[in-house]
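Since the structure comes first, as structure tokens, the remarks are kept for the end.
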Amino acid sequence: MLEHRQQVVIMGTFRFPEGDAAAARVLGIGKTLRQSGYEVHFAGWEENGRPEDRCDEGKFSYQGFYYSSQNQFRLKRLNPISRLLKYLTMGVGAIGWLRRYSDENKIDAVISYHGGVIYLSLLKFFCWKRNIKLIADCTEWYDPDSLPGGKWGIAAMESELRMRLINPWIGQIISISRLLRGVYERKGCHVLLVPPTVDLADSKWVAEPTQGEREKKIAPRLRLVYAGVPGKKDVLRAVLLSLDALCKEGFQISLDLVGPSEAEVLTTVNGDRELLHRLRGRVFFHGRIAQSKVPALLRQADFSILFRPQRRSSHAGFSTKLVESLAAGVPIIANSIGDVPVYINDGIEGILVIDEAYESVIAGLRRALALDGKKLFEMREAAKRCASQNFHYEVYRDDLRKFIEDCQ
């Protein structure tokens, strides 16, 4: 362990402590750092700290971490020019906070979760001037057509500039995937691969399967769950079409959707209201629920589903949903893309199919329908082992400590 508690500030485009998947990402890194002997302070860009986290002297604390909300995301009620300027300079105010904070506290390292070009450039200069190590946490490489304005829009151009020039200039990268690790290693950066992590000792993950779950036989009933907001990242249309076909064949199969509204799902199926009407009683919309309640709902399912299109973002990113499913002891049905096959062995921790096409999805569901209760229980146990071996935050303690010690 370290002889004294050095301090790391984690800041950037996340809503701490439970506002988005990015918050879960940095919380896992924070717990790993704390286990390594560091003191960690979070400075997310959410508007305010939560009332239930308020403690003495007006500070906010969550799971033993102090955090300071930076209120950098607000773009409402601005005219188009002001919105553009605010977008380009987002995060600059957080550097002002960091300057004041470092005047009163010795900071040894800053980890920035994403952020724009101007913000990162100013942060790089600030850290260089104060002899603070700067590390970029890189978790996505967006496809230009998924960003506002498309390929030639400001968002896409700034994203490419950050990924291709700013991050290599920073030179010290925590990557979420093997693709991103390879990109920055080839550019001569100091890189550490850390996938999304969870705290398996947290009470929300420790519940054991009931006796009914242990003895349950799937066929002919199969309960699926999807937790997240699909947007352009995940493919739900092929899943819903497969459910429709299997239900017509007489199989009892259902899907719990945690996150997306019916209107959002309707968009993913090109406005096919008849399809959703036929699936009434088979597809259940739970809406957005508290992150702490997601594991309990996951555990009720036989499988979670995750199908992503063949895009750069699918290979560069890493789904938090996959990690949460395994942590809850729920095997996954997914297409073999990005780092998914690194952790999911077909027929052990889940079922892998070739791609996200309808024919592949329905074939995967048919395989799931053919399983008996004994095999399902074995897969649930394998899922939990996979999570323990690869995604528990303590797994990366020594590697992360050495990585930061070696940073300049």
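The values are calculated or read from the model by the stated rules, or taken from the named source; none is laboratory data. Just so it is clear, the structure is predicted and the values come from calculations on it, not from any experiment. Here Cβ is always computed from backbone atoms with ideal geometry, including for glycine, and neighbour counts include all displayed protein chains. Ligands, DNA and RNA are stripped out before the accessible areas are found, and what is left, the full protein with its side chains, is counted by its heavy atoms. Shrake-Rupley method; radii C 1.70, N 1.55, O 1.52, S 1.80 Å.
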Number of the exception - SER360 against (1) within 21 Å of the chain's Cα centre (by Cα); (2) over 21 Å from GLN300 (Cα atoms); (3) of a type in the set (Gly, Ala, Ser): (1)
For the subset of the range 1-47 comprising residues that are closer than 14 Å to ILE404 by Cα and small (Gly, Ala, Ser), which member is farthest from the chain's Cα centre (by Cα)? GLY37
In the range 342-354, is there at least one residue being free of Cβ contacts under 8 Å to residues at least 60 places away in the same chain, open to solvent by 40 Å² or more (accessible area, probe 1.4 Å) and assigned to a helix (DSSP H, G or I)? no
In the range 131-146, what residues are open to solvent by 50 Å² or more (accessible area, probe 1.4 Å) and under 20 Å from ARG5 (Cα atoms)? ASN131
Please determine, by comparing only the residues of the range 234-275 that are open to solvent by 30 Å² or more (accessible area, probe 1.4 Å), of a type in the set (A, V, I, L, M) and in a helix (DSSP H, G or I), which one is farthest from ASP143 (Cα to Cα). LEU241
Cβ-Cβ under 6 Å pairs, at least 6 apart or on other chains, the range 172-192 side on the phi > 0 side of the Ramachandran plot, far side surrounded by 17 or more Cβ atoms within 10 Å (Cβ to Cβ) and not basic (Lys, Arg): none
Result of the Cβ filter at 8 Å on the range 11-28, keeping first residues that are touching a residue at least 40 places away in the same chain (Cβ under 8 Å) and closer than 17 Å to ILE173 by Cα and partners that are assigned to a helix (DSSP H, G or I) and not charged (D, E, K, R), at least 6 apart or interchain, is MET11/ALA94; MET11/LEU98; GLY12/ALA22; GLY12/VAL26; THR13/ALA22; ARG25/THR320; GLY28/TYR393
Residues of the range 138-163 classified as of a type outside the set (S, T, N, Q), within 22 Å of the chain's Cα centre (by Cα) and not in a loop (DSSP other than H, G, I, E, B), total: 9
Residue pairs qualifying under the 8 Å Cβ cut-off, at least six apart or on distinct chains, with the first in the range 109-123 being closer than 20 Å to ALA156 by Cβ and in contact (Cβ under 8 Å) with a residue 60 or more places away in the chain and the second being charged (D, E, K, R) and assigned to a strand (DSSP E or B), are TYR113/ASP137; HIS114/ASP137
From the list LEU27, LEU2, pick out the single residue that is at pLDDT 95 or above and within 27 Å of ASN390 (Cβ to Cβ). LEU27
Does ARG54 meet the test of being farther than 14 Å from PHE16 by Cα and open to solvent by 70 Å² or more (accessible area, probe 1.4 Å)? no
When you scan the range 360-367, do you find a residue that is closer than 21 Å to ARG308 by Cα, open to solvent by 10 Å² or more (accessible area, probe 1.4 Å), of a type in the set (Val, Ile, Thr) and outside any helix (DSSP H, G or I), even just one? no
Show the residue pairs that are 6+ apart or on different chains and have beta-carbon atoms under 8 Å apart, the first residue being within the range 135-158 and at positive phi, the second being hydrophobic (A, V, I, L, M, F, W, C) and open to solvent by less than 80 Å² (accessible area, probe 1.4 Å). GLY149/ALA155; GLY149/ALA156; GLY150/ALA156
Among the residues in the range 119-137, are any under 22 Å from the mean Cα position of the chain (by Cα) and over 27 Å from GLY37 (Cβ atoms)? yes
Scan the range 301-328 and report the pairs whose first residue is in a helix (DSSP H, G or I) and whose second residue is among the aromatic types (Phe, Trp, Tyr), with Cβ atoms within less than 7 Å and a gap of 6+ or a chain change. ARG312/TRP141; SER313/TRP141; SER313/TYR142; ALA316/TRP141; VAL323/PHE391; LEU326/PHE391; ALA327/TRP205; ALA327/PHE391
Could you list, in sequence order, all residues of the range 159-210 that are of a type in the set (Val, Ile, Thr) and within 24 Å of GLN408 (Cβ to Cβ)? ILE166, ILE170, ILE173, ILE174, ILE176, VAL183, VAL191, VAL194
Run down GLN72, GLN7, GLN35 and say which single residue is more than 19 Å from VAL194 (Cβ to Cβ) and at pLDDT 95 or above. GLN7
